[in-house]
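Peer 1: Shown below is the structure under consideration.
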Number of protein chains: 2
Amino acid sequence: MLNFDYYNPTHIVFGKDRLSELDALVPKGIKVLILYGGGSVKKFKTLEKVIQSLPNREIFEFGGIEPNPKFTTLLKAVDLVKKEKVDFLLAVGGGSVMDGTKFISLASHYDGEVKDLLTHGFQPVPIKTALPIGTVVTLPATGSEMNSGAVISHNGGKFPVFSPLAFPKFSILDPTLTYTLPAIQVANGVIDTFIHTVEQYVTYPEEGRFQDRTAEGILRTLIEVGKKTIDNPTDYNARANLVWCATNALNGLIGAGVPQDWTTHMIGHELTAMFGIDHGQTLAILQPSIWTVRKDQKWKKLLQYAQRVWDITEGDEESRIDEAIEKTRNFFQELGVNTQLTSYGVTHDKIDEVVNALERHGLTALSETGDLTLDISRQILEDAMSNK
Amino acid sequence: MLNFDYYNPTHIVFGKDRLSELDALVPKGIKVLILYGGGSVKKFKTLEKVIQSLPNREIFEFGGIEPNPKFTTLLKAVDLVKKEKVDFLLAVGGGSVMDGTKFISLASHYDGEVKDLLTHGFQPVPIKTALPIGTVVTLPATGSEMNSGAVISHNGGKFPVFSPLAFPKFSILDPTLTYTLPAIQVANGVIDTFIHTVEQYVTYPEEGRFQDRTAEGILRTLIEVGKKTIDNPTDYNARANLVWCATNALNGLIGAGVPQDWTTHMIGHELTAMFGIDHGQTLAILQPSIWTVRKDQKWKKLLQYAQRVWDITEGDEESRIDEAIEKTRNFFQELGVNTQLTSYGVTHDKIDEVVNALERHGLTALSETGDLTLDISRQILEDAMSNK
C-alpha cells in the first residue's frame, strides 16, 4: 500500500425530508447567495423550499451556471459576492453548480489575478481563506459535494482547481430531489460514478485490499441499481444507493494509498470541449477502448475486475478480460448510452484534431504509470470510433 | 436505506516514516502533553522519536494509562493539564490511550462535576469546547483514531463518552510502529475489527448496498491478512491492511444508514469488567453464540454473510448459516483465541452474576431491534460456555 493522507471534513446530511435542516446548518442573520443552473430547481420548487428553509437571512440568487461551468460566467457571481458582501454560498444543483460555487468561493477571497487560479492543476491554489459553502445536491454523479476539487471551462479548455478550503461545510443529499431528472442525466451519473471508481481501481496491484473491495462494492452496486433507477426513478432505495455511491466514488476514500489513472477523464474532457459530447458519454465511449489498448499494462487488475465485479471465472485469462470489457460496454449501452464515437457524429478524420489538442494541453504522458503517449491516445480513439 | 448524518474531520496520515511530520501537524511554541500506556512506547523508542519530532514545544508526559482506562487515572492527567495550562494532547498508543486522551480533552474544559460526563451514553456530552488532540497509533483495533467516542471504566462499569469535539485533529498510522506488538494483541485487534464490522452488518436488510459491500470487504480482508500478520508481523502490506481496516470499521462509514446491533460489545464489557478477559477475547467468545441464538432474527443477513464473506453457496439455508458461524469461530481460534467461556476459568454458576450485572446496567433490551432480553442474554452465555 502506498503512503497517503486522507482528510474530508464535509458533513453529509443524507435522506428524505432533510431540506428543512438548512435552518440549523446555515448561520443566521447573514447574507446567503444561492447558486443554481437552469430552470429545473425553480420548476420543481426545490429553490422555493430552500429559501423557505432559510428565514432570517438576506438571500441573493445567481442562476444560469451552465454544464461545464464557464470562468466568465462565474466571474459575474464573484462580482455579486463582492458587491453585496455575501457571507455564505449555497449551491443547489449538480456537479457543475457545485464546482462553479467552489471556484466563486476561492476567487472571492483571492487578491491576485483570478485567472491564475486556473493554472495550478492538481496542486492546491495559493490561498488562505475562502467563503464557506454548503450544497443541496440534485444530480448524483460528480462527487463534488464531498471533495475539494472543481473543473472550470475556459477558452475551450477544462481546468482542475483544488483547495482544502473548497470542501463544502455540509451537503444535503436527499435522493427524492433527484427523481425529476431526465433519464439521460441519470445514466450519465451512473457512468460517471462507474468511471471515477475504475480510474482508481483498474491500475496495477498495490495491496490496497480495503480500497479494492470498496471500489468493487461501488461497481457491483451500480450494476445492480443502474438500470433500475433509470427505469423506476422513484424507487427510493435504488436511487439512494446511486446517490451514496456517487459521493463515495470521489471523496478520496477508494483512491487513498493506491495508484490512480484518470486517462479516461483527460481524453474525455477534450471530446466534450471539441464536440459537445456529455461528460458521462465521453467516458462510456473511451473506457472500454482504453482497456482494450492497455490490456497488458492493466492485466492483473482487469482479471480481478472480471472475477470480482462480473463473476467471470471460466476461460483463459485473456478471454476473461475481453468478456469483462464487453460486459462493461454492454452495461453502458443498456443504460441508453452509445459507446461508439461515430454515433456522436465524430468522423475518423477528427482524430488528428483530438490528438493535437491533447498535445497542446500537455497531456502527452497519461495513465497511472505516465507512459500513455499521444500515439497510444490515437490508438484508443481509433478503437473507440466504431467498436460494437 | 435509513436517513443518516456522516461527519468525520480527522486528518489521517498513513504510511511508513510519517512520525517526523508531527512538527508540521502540531502548532509550534505551545505546551504539549504526551499520553501513553505502559513502557512499550519507551522500550521501542517511539516516545523518543515523537519528542524529537516536536522541537520548540514545551513537552509534558503522562504515562500509565491502563487497558480499559480508569476514570480515576485520567483525573490525574486532567489536574496536570489544568496546572500546566497544556494546549495540545498527543496520544501515543492504542485504543485505551486514545480513549483516555479524549476524555481528558473533554474533562479539561468541563465546568461541572467531571463524573457527569460518564452519564450521557451515546448522546454527545454537553460541552462547547475541548482541548485539541492528535494521535500516534501503535495498536490497530478500536478505530478510536478516527472517531468521536471513548469507553471509560469506573467502579466496575464501562461508560461510553461521545462528543464531536473528541475527533482527533490528526492521527498518524504508521504500520511499522505496530510490528513489536505481542501476537495476542494483534489477534485481539483483528477480532475487535471483525466484530465492529459485523455489529453494523449482520442485522436485517436495509438496502445499504455500499455499506454492506464495504463491510464485506473489511471482513474478507481480515480473513486474508489476519493470521498472516500475526505470523509475519513485519510483512508491511498485511499489517497496513489490518491497520486501515481497523480504522474504517469504526469511523462511521459502514454504519451510516443501516441498523446497528452492539450486543456483543455490551455483554463483552461485562465479561471484561467481571473476569478481566481481554476485550477482543470476549467478542470472540460471544459473537458465534449470539448468531446461534439469534439465527431467526438475523437470518437474511447471516445468509448474505455466508455467501459473500465465506463463499458458502451449497446446502439448505440453515446449514449455510451454521457453516458460516462455524467458520467464524474457527477463524478466531486459528488466530490463537479461545472461544469457550470455560477456557477463561468462568464456570457455569457465574452466568447469574453476568445477567445480574446486565440488569443493573440497564442492558435489558439489546440488539438492533431492542428485543434481546436478559433471558436471551442468558441463553447466549450458556451457549458460549463450552461450544466447540
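The values are calculated or read from the model by the stated rules, or taken from the named source; none is laboratory data. All values derive from a computational prediction rather than experimental measurement. Neighbour counts run over all protein chains shown; Cβ positions are idealised from the backbone, glycine included.
Peer 1: Of all residues in the range B:171-209, which are touching a His at 6+ places or on another chain (Cβ under 8 Å) and of a type in the set (Ser, Thr, Tyr)?
Peer 2: Of the residues in the range B:171-209, the ones touching a His at 6+ places or on another chain (Cβ under 8 Å) are B:171, B:188, B:192, B:195, B:199.
B:Ser171, the sole residue that qualifies.
Peer 1: For A:Ala215, indicate whether it is free of Cβ contacts under 8 Å to residues at least 60 places away in the same chain, buried (at least 24 other Cβ atoms within 10 Å of the Cβ) and either more than 8 Å from chain B (Cβ to nearest Cβ) or within 23 Å of A:Ser367 (Cβ to Cβ) (or both). Let's see the steps before the verdict.
Peer 2: On the way: free of Cβ contacts under 8 Å to residues at least 60 places away in the same chain: yes; buried (at least 24 other Cβ atoms within 10 Å of the Cβ): yes; either more than 8 Å from chain B (Cβ to nearest Cβ) or within 23 Å of A:Ser367 (Cβ to Cβ) (or both): yes.
Here the answer is yes, as A:Ala215 does meet what is asked.
Peer 1: Right, next: Checking the condition under 15 Å from the mean Cα position of the chain (by Cα), of a type in the set (Ser, Thr, Tyr), crowded, with 22+ Cβ neighbours inside 10 Å and modelled with pLDDT of 95 or more, which residue from B:Ser148, B:Ser144 passes? Before you say what the answer is, go through the steps one by one.
Peer 2: Working: B:Ser148 fails: crowded, with 22+ Cβ neighbours inside 10 Å.
On inspection, the qualifying residue turns out to be B:Ser144.
Peer 1: Now, a different point. Wholly within the range B:144-202, which strands (runs of 3 or more DSSP E) include no fewer than the required count, namely at least 1 residues that are assigned by TED's automatic domain parsing to the domain that holds B:Lys49 and among the basic types (Lys, Arg)? Break it down stepwise before answering.
Peer 2: Values: elements: B:149-154, B:157-162, B:170-173.
Qualifying strands (runs of 3 or more DSSP E): B:157-162.
Peer 1: In this structure, is A:Gly208 buried (at least 24 other Cβ atoms within 10 Å of the Cβ) and under 16 Å from A:Glu368 (Cα atoms)? Don't jump to the end; show me each part of the working.
Peer 2: On the way: buried (at least 24 other Cβ atoms within 10 Å of the Cβ): yes; under 16 Å from A:Glu368 (Cα atoms): yes.
Answer is yes for this residue.
Peer 1: Turning to a different aspect of this structure: I need a count of the residues in the range B:360-369 that are exposed (fewer than 14 other Cβ atoms within 10 Å of the Cβ) and either in contact with a strand residue (DSSP E or B) (Cβ under 6 Å, 6 or more places away or on another chain) or within 12 Å of B:Met266 (Cβ to Cβ) (or both).
Peer 2: The number of residues fulfilling the criteria is 2.
Peer 1: So which residues in the range B:12-39 are at positive phi and within 14 Å of chain A (Cβ to nearest Cβ)? Outline the logic, then answer.
Peer 2: Just the residues of the range B:12-39 that are at positive phi, to begin with: B:15, B:17, B:29.
Within the range B:12-39, B:Gly15, B:Asp17 meet the criteria.
Peer 1: Next question, about the same structure. How about the range A:47-70: which of its residues are in a helix (DSSP H, G or I) and buried (at least 20 other Cβ atoms within 10 Å of the Cβ)?
Peer 2: Going residue by residue through the range A:47-70, those that are in a helix (DSSP H, G or I) are A:47-52.
Hits for the range A:47-70 are A:Leu47, A:Val50.
Peer 1: Moving on to the next point. Please determine whether any residue of the range A:274-283 is in a loop (DSSP other than H, G, I, E, B), free of Cβ contacts under 8 Å to residues at least 40 places away in the same chain and more than 12 Å from the chain's Cα centre (by Cα). Steps first, answer last, please.
Peer 2: Step one: list which residues in the range A:274-283 are in a loop (DSSP other than H, G, I, E, B), which gives A:276-278.
Subset that is free of Cβ contacts under 8 Å to residues at least 40 places away in the same chain: A:276.
When the remaining residues are screened for being more than 12 Å from the chain's Cα centre (by Cα), the result is A:276.
For the range A:274-283, residues in a loop (DSSP other than H, G, I, E, B), free of Cβ contacts under 8 Å to residues at least 40 places away in the same chain and more than 12 Å from the chain's Cα centre (by Cα): present.
Peer 1: Tell me which of these B:Gly112 doesn't satisfy, since it passes every other one: (1) within 30 Å of B:His361 (Cα to Cα); (2) surrounded by fewer than 18 Cβ atoms within 10 Å (Cβ to Cβ); (3) small (Gly, Ala, Ser); (4) modelled with pLDDT of 95 or more.
Peer 2: The failed condition is (4).
Peer 1: Something else about it: Please enumerate the residues belonging to the range B:228-251 that are within 10 Å of chain A (Cβ to nearest Cβ), out of contact with any strand residue (DSSP E or B) (no Cβ under 9 Å at 6 or more places or on another chain) and of a type outside the set (D, E, K, R).
Peer 2: B:Tyr236, B:Asn237, B:Ala238, B:Asn241, B:Leu242, B:Cys245, B:Asn248, B:Ala249
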